[in-house]
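Scroll down for the structure; my scribbles are underneath it.
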Amino acid sequence: MGFIKLERAEFRRRYFSEAASLYNQIFNRAEDNQVKAWILSRVARCEVKQKKFKQALIVYRSIIADFPDLLTESGMRRALR
């Protein structure tokens with residue numbers, strides 16, 4: 001499954017639920033923690049776009065809890081613990 005299908009589901013067709021499901025499928029096969037955290041951030045973004053703010057918050061918190069030593073996209077170490 002490629003990122004083109006994900007991008008199409010999320011951005012063109014605006015099928016956020018489908019996109020979140022596809023991201024989760026990729027997450028389950030990912031081995032690198034940086035990739036896993038990135039994928040989860042995309043899942044959370046889809047939740048926000050569906051106005052499922054509580055679920056998005058749960059996903060964002062899981063990123064912080066499960067991957068506390070990863071760097072942010074700007075290269076800074078996360079300050080939250």
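The values are calculated or read from the model by the stated rules, or taken from the named source; none is laboratory data. Since we're looking at a predicted model, the values are computed, not measured. Here the Cβ is made from the backbone with ideal geometry for all residues, glycine too, and neighbour counts use every protein chain on show.
Tabulated values for the structure
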item: Residue ID - nearest to residue 70 (Cα to Cα), chosen from residues in the stretch 16-59 that are of a type in the set (Lys, Arg) and surrounded by 14 or more Cβ atoms within 10 Å (Cβ to Cβ); result: 36
item: Among (1) exposed (fewer than 12 other Cβ atoms within 10 Å of the Cβ); (2) at pLDDT below 80 - the single one residue 7 does not satisfy; result: (1)
